[in-house]
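Reviewing the structure listed below.
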Amino acid sequence: MDKKNVAIGSFDETEIEEGFIVLTYRNDSVGMEVVERSNDSSFIQFHFCPKGSGKFIFNEGRYALDIREENTLLLYNPQRDLPIHLEMEPGSWMVSVLISIKKFHGLFSQEADYITFLSPENKDKKYYKDGKITPSMAIVLTQLMQFSYNSSVKNMYYKGKAYELLSLFFNRTEGTDVAQCPFLMDEANVIKIRKAKDIVIARMAEPPSLRELSEEIGLNLKKLKEGFKQIYGDSVYSFLFDYKMEYARKLLESGSYNVNEAGLKVGYSTSSHFIAAFRKKFGTTPKKYVQSIS
């Protein structure tokens, strides 16, 4: 490729919330343009090409992924940063949504501050998934590309459109491959699994067994295990452990509970077991943690 014929462009970047960014770019020139942006491994990238085509370049040119007109590309690699280096053909448009893994899971779970998002089995899993832009997505993308309102409402407008775009991306339609998105499950099962989450949190001091839990919510054990991990990113008891430790930490921070009381509140009958669990989660004892914040 003759670099002398390649111009350098830049994205129009809008941060709509912390950890949630919309990038738009259009190549109105007669030659190829390169757009670049740094991006760390904590972000999932959703790219939409409503017009034209482009190529994402990685590892200093050793690897490339094409994105063609009316196609999408989802990129996520928790093992390494994925900076954007995009070569855009003349007349091409691109809309990209960058969202942190924490923010992303927060869209699906109110417990985003408590859970371990990537379980040991999934923490090193990479996602490179392409797909088609639906007619509904195409309308939203065109609206983003042709934004012409007062600049004072741009952030609010982009926020609404970005949420709409992601909801369309993850909306299950007939024939959709369920494996492409961990949240595409039968809605009735989702309700049952959320009920299971509410039950273990409400009874965190004496939680039911998995079999008792599956019977109480009316969902077989296998679907409970698989579904819980899909929605909350971890097994039932790993989720509950993280929740209990965060809850205990906040009790200690409040100054209203001592170590024994906080441990009892989250289900540890002996302080030694609670101290060991707290150290496993936070790398320090409850007493030292309280001393560090006082």
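This table checks each residue for (1) farther than 20 Å from Lys197 by Cβ; (2) of a type in the set (D, E, K, R).
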position: Leu221; (1), (2): no, no
position: Tyr232; (1), (2): no, no
position: Ser254; (1), (2): yes, no
position: Ala262; (1), (2): yes, no
position: Lys280; (1), (2): yes, yes
position: Val290; (1), (2): yes, no
Answer from Phe183, Phe274, Phe241 - the residue that is at pLDDT below 90 and surrounded by 14 or more Cβ atoms within 10 Å (Cβ to Cβ): Phe183
Any chance Asn77 is surrounded by 14 or more Cβ atoms within 10 Å (Cβ to Cβ) and either in contact (Cβ under 8 Å) with a residue 24 or more places away in the chain or not aromatic (Phe, Trp, Tyr) (or both): yes
Test: Glu13 is part of a strand (DSSP E or B), surrounded by fewer than 18 Cβ atoms within 10 Å (Cβ to Cβ) and either touching a residue at least 40 places away in the same chain (Cβ under 8 Å) or among the basic types (Lys, Arg) (or both): no
Pick from Glu246, Glu226, Glu206, Glu215: which is in a helix (DSSP H, G or I) and more than 27 Å from the chain's Cα centre (by Cα)? Glu215
Which numbered condition Tyr158 fails, given (1) touching a His at 6+ places or on another chain (Cβ under 6 Å); (2) modelled with pLDDT of 75 or more: (1)
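For (1) among the β-branched types (Val, Ile, Thr); (2) out of contact with any strand residue (DSSP E or B) (no Cβ under 7 Å at 6 or more places or on another chain), each residue gets a yes or a no:
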position: Ser10; (1), (2): no, no
position: Thr24; (1), (2): yes, no
position: Met32; (1), (2): no, no
position: Asp40; (1), (2): no, yes
position: Phe43; (1), (2): no, no
position: Asn59; (1), (2): no, yes
position: Leu65; (1), (2): no, no
position: Arg80; (1), (2): no, yes
Output the qualifying pairs, or none if there are none: Cβ atoms under 7 angstrom, residues six or more apart or on different chains, first residue in segment 260-274 and in the same structural domain as Ala205 (by TED's automatic domain parsing), second residue in a helix (DSSP H, G or I) and among the hydroxyl-bearing types (Ser, Thr, Tyr). none
Which pairs have Cβ atoms under 9 Å, sit 6 or more apart or on different chains, and link a residue in segment 128-146 that is under 29 Å from Tyr63 (Cβ atoms) and assigned by TED's automatic domain parsing to the domain that holds Phe46 to one that is part of a helix (DSSP H, G or I) and aliphatic (A, V, I, L, M)? Ile133/Leu141; Thr134/Leu168; Met137/Leu165; Met137/Leu168; Leu141/Leu165; Leu144/Ala162; Leu144/Leu165
If you go through segment 16-34, how many residues are over 25 Å from Gly160 (Cα atoms) and either surrounded by fewer than 21 Cβ atoms within 10 Å (Cβ to Cβ) or touching a helix residue (DSSP H, G or I) at 6+ places or on another chain (Cβ under 6 Å) (or both)? 6
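The values are calculated or read from the model by the stated rules, or taken from the named source; none is laboratory data. Computed from a predicted structure; not experimentally measured. Note that each Cβ is placed from the backbone with ideal geometry, even for glycine, and that neighbours are counted across all protein chains shown.
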